[in-house]
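Following: one structure in structure tokens, then a few remarks.
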Amino acid sequence: MTMTIERTTTAERVSSPPARLALTPAGAPPGLLDGAWWPRSRDLFRELPALTDRLDRCWGRITHVTVNPTHWPVIPTKVPVTGHTVHVGWFTDEQDPHKLILLSYSAGRWDLLVIPPEAGAASAARLMSAAATPGSLLTASRLMDDEDAIRAAAGDRGRESEWDTEGGAAPPPLRAPIGLPPLAPER
């Protein structure tokens, strides 16, 4: 049996849930990041419209976005959003892999930490708060490294707790000092 899938294109985009976003307060001292974005997937074509819908209202029309392709499997050159098109570019060496740069003709440039879609809610909340801290001099990669360290430490504490509840390590077998007969186990 042969099946043919007809690919069609539409001018309409599938609506997506509102963007999960944390921004530095207006008028706050500038830092290296202007906030954080937590997309639901690694599909820029699907995720960017929700982000620009939210940002167009507070920052002005977003016209260009740049990413590092490290975490984006497909990078479209253009993404239709409400009322206009956003041009997408990418840089490998010049741009932090955990950062999204947004450009607007009317209001300038913003740098957002991109939180991995698979991040847990607690991790995302910590990252959003840290990235939206006014005047912070932490880079996107530094924030992600710090979060990885927090997760690793929590994992170590969990394994240590599990170790303790299981009774810890088994005692070593009884051995006699060299030259003496072996010890008999206690009864």
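The C-beta contact set for the range 49-75 (first residue more than 16 Å from Ala19 (Cα to Cα), second residue aromatic (Phe, Trp, Tyr) and in a loop (DSSP other than H, G, I, E, B), distance under 7 angstrom, 6+ apart or interchain) comprises Thr63/Tyr105; Thr66/Phe91; Asn68/Phe91.
Selection within the range 28-51: residues that are aliphatic (A, V, I, L, M) and not in a helix (DSSP H, G or I). The member of this set that is most open to solvent (accessible area, probe 1.4 Å) is Leu32.
Among the candidates Val88, Val79, the residue that is in contact with a Pro (Cβ under 6 Å, 6 or more places away or on another chain) and assigned to a strand (DSSP E or B) is uniquely Val88.
Quick one: what pairs do we get from the range 127-149, first residue at positive phi, second open to solvent by less than 60 Å² (accessible area, probe 1.4 Å) and not hydrophobic (A, V, I, L, M, F, W, C), C-beta under 8 Å, 6+ apart or different chains? That search, which allows pairs on different chains as well, returns Gly135/Gly31.
Against the definition (open to solvent by less than 70 Å² (accessible area, probe 1.4 Å), within 17 Å of the chain's Cα centre (by Cα) and acidic (Asp, Glu)), how does Asp96 come out, yes or no?
Yes; evaluated as a whole, the condition is true for this residue.
Given the criteria part of a strand (DSSP E or B) and either modelled with pLDDT under 95 or acidic (Asp, Glu) (or both), does Asp111 qualify? Yes; evaluated as a whole, the condition is true for this residue.
Scanning the range 52-76 for residues that are of a type outside the set (Ser, Thr, Tyr), part of a helix (DSSP H, G or I) and closer than 16 Å to Gly89 by Cβ gives Pro69, His71.
Scanning the range 103-143 for residues being within 16 Å of Pro25 (Cα to Cα), among the hydroxyl-bearing types (Ser, Thr, Tyr) and open to solvent by less than 50 Å² (accessible area, probe 1.4 Å) gives a total of 1.
The values are calculated or read from the model by the stated rules, or taken from the named source; none is laboratory data. Keep in mind that this is a model prediction, so the values were computed, not measured. Cβ atoms come from the backbone with ideal geometry, glycine included; neighbour counts cover every protein chain shown. In case anyone asks, the SASA skips ligands and DNA or RNA and just uses the protein heavy atoms, side chains included. Shrake-Rupley method; radii C 1.70, N 1.55, O 1.52, S 1.80 Å.
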